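Engineer: Below you will find the structure I want to go over with you.
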There are 2 protein chains.
Amino acid sequence: MAAPTLAVVGATGSVGTVMLELLSSRRNVWGEIRLIASASSAGRELTCRGESLVVRELTPEAFDGVDVAMFDVPDEVSLEWAPVAVARGAVVVDNSAAYRMEPDVPLVVPEVNQEVLEHRPRGIVSNANCTTMAMIMAIAPLHREYGLRELVLASYQAVSGAGQIGVDVLHDQLSKVAGDRALGSRPGNVRQAVGDDLGPFPAPLALNVVPWSGDLAQWGWSSEELKMRNESRKILGLPDLKVSATCVRVPVVTGHSIAVHAVFAAELDADGARDVLRHAPGVIVVDDPEAGEFPMPIDAVGTDPSWVGRIRRAIDDPRALDLFVTGDNMRKGAALNTVQIAELLAADL
Amino acid sequence: MAAPTLAVVGATGSVGTVMLELLSSRRNVWGEIRLIASASSAGRELTCRGESLVVRELTPEAFDGVDVAMFDVPDEVSLEWAPVAVARGAVVVDNSAAYRMEPDVPLVVPEVNQEVLEHRPRGIVSNANCTTMAMIMAIAPLHREYGLRELVLASYQAVSGAGQIGVDVLHDQLSKVAGDRALGSRPGNVRQAVGDDLGPFPAPLALNVVPWSGDLAQWGWSSEELKMRNESRKILGLPDLKVSATCVRVPVVTGHSIAVHAVFAAELDADGARDVLRHAPGVIVVDDPEAGEFPMPIDAVGTDPSWVGRIRRAIDDPRALDLFVTGDNMRKGAALNTVQIAELLAADL
């Protein structure tokens, strides 16, 4: 059989850019790779696997002959175009939130629930939210061992989760505040220095943390917080899992971190949990505080695994574990997991 | 009776500086204010209440005639000198961790447990840790209403908690990373740009979060995390309270934030909790996400109250509440609470 054809929809975006890097560096399973984007980006030339490729416009015909199509586009674009790609014969791996909670669309993290990939009646497979992804890589192997009952989560999310505009806005703000040592010590002076250009964020990120990510969903919860709850339940197959998440944006370029408090059915200890995590795929244990070793964005950026550390049994609950996880939100949190799913689909064609 | 004499020990430090600002702006209850510091700082002139004062060296005689002495010095200095001040007739209000967990030293947050101030057999009163303080201001009134059972905490701590050196190091690091848009998107390049000057921190803070604060205590827990547990139990008078805390340093100058998941004995709802907090002393409710209103360091810095928002009942537990708190770690978290205690003592002399 000829090597399969892959389409990358949203190829010029920041996640698309990482997808092309990954396709250039991983073991190649693809024949043609076709880059697709909106009309305004069509015609641009991008490099993938050492070849220069011209970006095609998103049209129904662009999917003719495509076996697998990876989408990284806004929800509404996925809603419109994923069915078009499927109608033209492609299997779609979608990184938007549009289909994740649909009961007939599998939500896949290959290291965790690869088996659900087989049942995809709509021809669409969803990729999990970037914050959920980093955390679930560490929690899934612990769940298998100890039986997960409850998660309390607090996130430290990077600006690249909001796209290249988020990165640009943070760097612009940092240039404005750098060099003035009085900033951040007096009320209002950071807002004044940063000015009105907040980009996609509701407040300045420089010298600040912003306890908000996504849109207002319901009962005061943000959409990002509900994603962490609902996607964790679906991926782990635990419809009654108790989850509380607080999502917070921090002045970090790339690398989402999560402080995790996980309650299990069985008693456990930190050494046992550390051992489980050391043998888990896609996880690296970095847990020696005295040596300054804990998971941090500046180390995890550009790497594939979820970095896990600060592994402690709760002092007041022998069934609970506290830990800290950092993962590259552009790679495993978005591009890498999508590419992994696409590769699994390619092997099964 | 003559107005009482106040000593400020550690007057030249960053918390001492805020103490002098507060003493200059609050209703004056003091006669003489005496500034005391180590020999290396003695002789410096500082302004308080519009007067220029010469800093005296820390000696036993410096406490003669002092009614109340506020200490902001390292633990070991408090251990040595607080008893000296007491022996010379002063009541000591100590902001170090040296005495906080001693059973015969009251640990006081005036809005929460003012009554314990009366029993101080050693003549020493302790001030709570800055991270605990911001959080406890919001949790204590909720505890009175609903009966607190458990806390899961994740902190977002500012660099000024590590003193002026922390602020200087962050600003230096920001100057080094500002203007280079590639930083933070590739592995290792932030460490390279920042260089070796990490100051009091185990890793760079610019474009990073560091899941560590304090020293290694036991079982993998940091001293700061144990303080949040043990001091919360003591202040609230709940020796069996379940507490898990993960303490994380973020690139913020001043303003400690805490994501709080609190479980109570009674069922509650967000509106009721919000109402309790609106009537709580030392608390300001900032909770309108659609209008971009939530507690943030750049707004809370330089103010007295704990800012509380993102108040949500847990979706999966009607007895649990999730919220986000930010407080100025230099003011209520250190100088302000110490000054408040000193003023209560002055009124009772």
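Engineer: Can you tell me which of (1) among the charged types (D, E, K, R); (2) modelled with pLDDT of 95 or more; (3) out of contact with any Asp or Glu (no Cβ under 8 Å at 6 or more places or on another chain) is the one residue B:304 doesn't meet?
Structural biologist: The failed condition is (3).
Engineer: Still on this structure, I have one more. Regarding segment A:230-239, can at least one residue be identified that is facing chain B (nearest Cβ under 9 Å) and at negative phi? Explain how you work it out, then say what you get.
Structural biologist: Going residue by residue through segment A:230-239, those that are facing chain B (nearest Cβ under 9 Å) are none.
No, segment A:230-239 has no match at all.
Engineer: Picking from A:94, A:64, which residue would you name as being assigned by TED's automatic domain parsing to the domain that holds residue A:118, out of contact with any helix residue (DSSP H, G or I) (no Cβ under 6 Å at 6 or more places or on another chain) and charged (D, E, K, R)? Let's see the steps before the verdict.
Structural biologist: On the way: A:94 fails: out of contact with any helix residue (DSSP H, G or I) (no Cβ under 6 Å at 6 or more places or on another chain).
Only one candidate passes the filter, namely A:64.
Engineer: Just to verify a result, which residue in segment B:218-229, among those that are under 23 Å from residue A:248 (Cβ atoms) and more than 9 Å from every other protein chain (Cβ to nearest Cβ), is surrounded by the most Cβ atoms within 10 Å (Cβ to Cβ)?
Structural biologist: Of everything passing the filter in segment B:218-229, B:228 is surrounded by the most Cβ atoms within 10 Å (Cβ to Cβ).
Engineer: When you look at residue A:129, is it closer than 26 Å to residue B:322 by Cβ, buried (at least 17 other Cβ atoms within 10 Å of the Cβ), within 14 Å of another protein chain (Cβ to nearest Cβ) and not small (Gly, Ala, Ser), yes or no?
Structural biologist: Details: closer than 26 Å to residue B:322 by Cβ: yes; buried (at least 17 other Cβ atoms within 10 Å of the Cβ): yes; within 14 Å of another protein chain (Cβ to nearest Cβ): no; not small (Gly, Ala, Ser): yes.
It is false that residue A:129 is closer than 26 Å to residue B:322 by Cβ, buried (at least 17 other Cβ atoms within 10 Å of the Cβ), within 14 Å of another protein chain (Cβ to nearest Cβ) and not small (Gly, Ala, Ser).
Engineer: Considering only residues of segment A:238-257 that are touching a helix residue (DSSP H, G or I) at 6+ places or on another chain (Cβ under 7 Å) and surrounded by fewer than 24 Cβ atoms within 10 Å (Cβ to Cβ), which is nearest to residue B:320 (Cα to Cα)?
Structural biologist: Restricting to residues being touching a helix residue (DSSP H, G or I) at 6+ places or on another chain (Cβ under 7 Å) and surrounded by fewer than 24 Cβ atoms within 10 Å (Cβ to Cβ), the top hit is A:243.
Engineer: Would you mind finding the one in B:149, B:144, B:122 that is surrounded by fewer than 16 Cβ atoms within 10 Å (Cβ to Cβ), basic (Lys, Arg), more than 16 Å from the chain's Cα centre (by Cα) and not assigned by TED's automatic domain parsing to the domain that holds residue B:338?
Structural biologist: Numbers: B:149 fails: surrounded by fewer than 16 Cβ atoms within 10 Å (Cβ to Cβ); B:122 fails: not assigned by TED's automatic domain parsing to the domain that holds residue B:338.
One residue alone meets the criteria, B:144.
Engineer: Quick one: which of B:159, B:194 is more than 8 Å from every other protein chain (Cβ to nearest Cβ) and closer than 30 Å to residue B:261 by Cα? Give the derivation first.
Structural biologist: Working: B:194 fails: closer than 30 Å to residue B:261 by Cα.
Only one candidate qualifies: B:159.
Engineer: Quickly run through segment A:240-252 and pick out the residues that are under 22 Å from residue B:292 (Cα atoms) and at the interface with chain B (Cβ under 10 Å from one of its Cβ atoms).
Structural biologist: Going through segment A:240-252, the residues under 22 Å from residue B:292 (Cα atoms) turn out to be A:244-252.
Within segment A:240-252, A:244, A:245, A:246, A:247, A:248, A:250, A:251, A:252 qualify.
Engineer: Report, by residue number, each residue of segment B:275-292 that is of a type outside the set (A, V, I, L, M, F, W, C), buried (at least 17 other Cβ atoms within 10 Å of the Cβ) and either over 20 Å from the mean Cα position of the chain (by Cα) or part of a helix (DSSP H, G or I) (or both).
Structural biologist: From segment B:275-292, those of a type outside the set (A, V, I, L, M, F, W, C) are B:275, B:278-279, B:281-282, B:287-290, B:292; that's our starting set.
Add one more test, that the residue is buried (at least 17 other Cβ atoms within 10 Å of the Cβ), and what stays is B:282, B:287, B:289.
Selection gives B:287, B:289.
Engineer: To continue, here is another question. Name the residue, out of B:144, B:181, that is over 19 Å from residue A:261 (Cβ atoms) and in contact with an Asp or Glu (Cβ under 8 Å, 6 or more places away or on another chain).
Structural biologist: Values: B:144 fails: in contact with an Asp or Glu (Cβ under 8 Å, 6 or more places away or on another chain).
Step by step, each of B:144, B:181 is checked, and only B:181 is over 19 Å from residue A:261 (Cβ atoms) and in contact with an Asp or Glu (Cβ under 8 Å, 6 or more places away or on another chain).
Residues checked against (1) assigned by TED's automatic domain parsing to the domain that holds residue B:323; (2) in a strand (DSSP E or B); (3) under 21 Å from residue B:332 (Cβ atoms):
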position	(1), (2), (3)
B:214	yes, no, yes
B:224	yes, no, yes
B:229	yes, no, yes
B:251	yes, no, no
B:259	yes, yes, yes
B:268	yes, no, no
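Engineer: Being free of Cβ contacts under 8 Å to residues at least 12 places away in the same chain, within 14 Å of residue B:340 (Cα to Cα) and in a loop (DSSP other than H, G, I, E, B) is the filter here, so list the residues in segment B:1-56 that pass it.
Structural biologist: B:27
Engineer: Separate question: Checking residue A:203 against (1) part of a loop (DSSP other than H, G, I, E, B); (2) surrounded by 22 or more Cβ atoms within 10 Å (Cβ to Cβ), only one condition comes out false. Which one?
Structural biologist: The single condition residue A:203 does not satisfy is (2).
Engineer: Please work out which residue is farthest from residue A:155 (Cα to Cα), limiting yourself to segment B:163-180 and to residues that are free of Cβ contacts under 8 Å to residues at least 60 places away in the same chain and more than 10 Å from every other protein chain (Cβ to nearest Cβ).
Structural biologist: Out of the qualifying residues, it is B:165.
Here's the yes/no breakdown for (1) at pLDDT below 95; (2) buried (at least 17 other Cβ atoms within 10 Å of the Cβ); (3) within 14 Å of another protein chain (Cβ to nearest Cβ):
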| site | (1), (2), (3) |
| --- | --- |
| B:101 | no, no, no |
| B:105 | no, yes, no |
| B:134 | no, yes, yes |
| B:138 | no, yes, yes |
| B:155 | no, yes, yes |
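Engineer: Also: Would you be able to say whether some residue in segment B:336-345 is outside any helix (DSSP H, G or I), under 30 Å from residue B:32 (Cβ atoms) and either without any contact (Cβ under 8 Å) to a residue 12 or more places away in the chain or of a type in the set (Asp, Glu) (or both)?
Structural biologist: No.
Engineer: Does residue A:234 meet the test of being part of a helix (DSSP H, G or I) and over 14 Å from the mean Cα position of the chain (by Cα)? Give the derivation first.
Structural biologist: Values: part of a helix (DSSP H, G or I): yes; over 14 Å from the mean Cα position of the chain (by Cα): yes.
Yes.
Engineer: Filter segment A:316-341 for residues that are more than 7 Å from chain B (Cβ to nearest Cβ) and more than 22 Å from the chain's Cα centre (by Cα); which is surrounded by the most Cβ atoms within 10 Å (Cβ to Cβ)? Talk me through it step by step, then tell me what you get.
Structural biologist: Step one: list which residues in segment A:316-341 are more than 7 Å from chain B (Cβ to nearest Cβ), which gives A:318-319, A:321, A:323, A:325-341.
Remaining after also requiring more than 22 Å from the chain's Cα centre (by Cα): A:318-319, A:321.
Numbers: A:318: 13, A:319: 17, A:321: 26.
So the residue we want is A:321.
Engineer: Still on this model: For segment A:272-327, how many residues are among the basic types (Lys, Arg) and farther than 19 Å from residue A:136 by Cβ? Show your work before the answer.
Structural biologist: Taking segment A:272-327 first, the residues among the basic types (Lys, Arg) are A:274, A:278, A:310, A:312-313, A:319.
Within this subset, residues satisfying the condition of being farther than 19 Å from residue A:136 by Cβ are A:312-313, A:319.
Of the residues in that region, 3 qualify.
Rundown of residues vs (1) touching a residue at least 12 places away in the same chain (Cβ under 8 Å); (2) over 18 Å from residue A:16 (Cα atoms); (3) among the acidic types (Asp, Glu), yes/no style:
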site: A:66; (1), (2), (3): yes, no, no
site: A:81; (1), (2), (3): yes, no, no
site: A:85; (1), (2), (3): yes, no, no
site: A:88; (1), (2), (3): yes, yes, no
site: A:93; (1), (2), (3): yes, no, no
site: A:104; (1), (2), (3): yes, yes, yes
site: A:110; (1), (2), (3): yes, yes, no
site: A:129; (1), (2), (3): yes, no, no
site: A:134; (1), (2), (3): yes, yes, no
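The values are calculated or read from the model by the stated rules, or taken from the named source; none is laboratory data. Because the structure is predicted, anything quoted here is derived from the model rather than measured. Here the Cβ is made from the backbone with ideal geometry for all residues, glycine too, and neighbour counts use every protein chain on show.
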